[in-house]
Amino acid sequence: MYPELMVIPMREELTRAGIAEARTAEDVDATLAKPGTTMVVVNSICGCAAGKMRPGVRLALTNAANQPDHKITVFAGQDREATERARSYFEGNPPTSPAIAILRDGKLVYLMQRFVIEQATAQQIAGELIRAFDEFCARATA
């Protein structure tokens, strides 16, 4: 585990964008028990999280018309219990960091794993997230 002081800026990059930190398994469960859609960002200290994933998530949230009802982040390698619990909702997918998931009523509907993040630019990640938000988070109109 890295010293907490070292990861504070990496945490704040997402919390400043309006994503709540889930530091315990109970935090994860409480958020995912809420009705609606939840984006779960598995943050990481790696370079692809710094140069691609976090900027892509921030860009998507800035430009998306449709957004998840709830947004949380867990930090792999720091908040182990919260990260393991979040990954338990990813239904048989191998654990990767970073990763971005969308769940509806606690059920996985979308997952972007590390191998996708590594191959994409921040702008491509943002575009894909906006597409996923439009597909999975749009409110039904009467």
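The values are calculated or read from the model by the stated rules, or taken from the named source; none is laboratory data. Remember, it's a predicted structure, so these values are computed and weren't measured experimentally. Backbone-built Cβ (ideal geometry, glycine too); neighbour counts: all protein chains shown.
Residue-level check: of (1) buried (at least 19 other Cβ atoms within 10 Å of the Cβ); (2) over 19 Å from Thr24 (Cα atoms); (3) touching a helix residue (DSSP H, G or I) at 6+ places or on another chain (Cβ under 8 Å), Ser97 misses just (2). Just one residue in the set Leu108, Leu59 is more than 17 Å from Val28 (Cβ to Cβ) and not aromatic (Phe, Trp, Tyr); that residue is Leu59.
Taking Ala126 as the residue in question, decide whether it is closer than 25 Å to Asp29 by Cα and not in a strand (DSSP E or B). It is false that Ala126 is closer than 25 Å to Asp29 by Cα and not in a strand (DSSP E or B).
Taken as a whole, segment 65-75 holds no residue that is farther than 21 Å from Glu4 by Cβ, buried (at least 18 other Cβ atoms within 10 Å of the Cβ) and touching a Leu at 6+ places or on another chain (Cβ under 6 Å).
Of all the numbered requirements in (1) in contact with a Ser or Thr (Cβ under 9 Å, 6 or more places away or on another chain); (2) farther than 16 Å from Ala17 by Cα; (3) surrounded by fewer than 18 Cβ atoms within 10 Å (Cβ to Cβ), Ser88 misses one, and that requirement is (1). Taking every residue in segment 82-94 that is touching a residue at least 40 places away in the same chain (Cβ under 8 Å) and pairing it with any residue that is polar (S, T, N, Q) and surrounded by fewer than 18 Cβ atoms within 10 Å (Cβ to Cβ), at least 6 positions away or on another chain, the pairs with Cβ-Cβ distances below 7 Å are Ala82/Thr24.
Which one of Arg139, Arg85 is at pLDDT below 95 and not acidic (Asp, Glu)?
Details: Arg85 fails: at pLDDT below 95.
Just a single option satisfies the conditions, and that option is Arg139.
When segment 19-63 is filtered for residues that are modelled with pLDDT of 95 or more, surrounded by fewer than 18 Cβ atoms within 10 Å (Cβ to Cβ) and of a type in the set (A, V, I, L, M), the ones remaining, listed by number, are Ala20, Ala30, Ala33.
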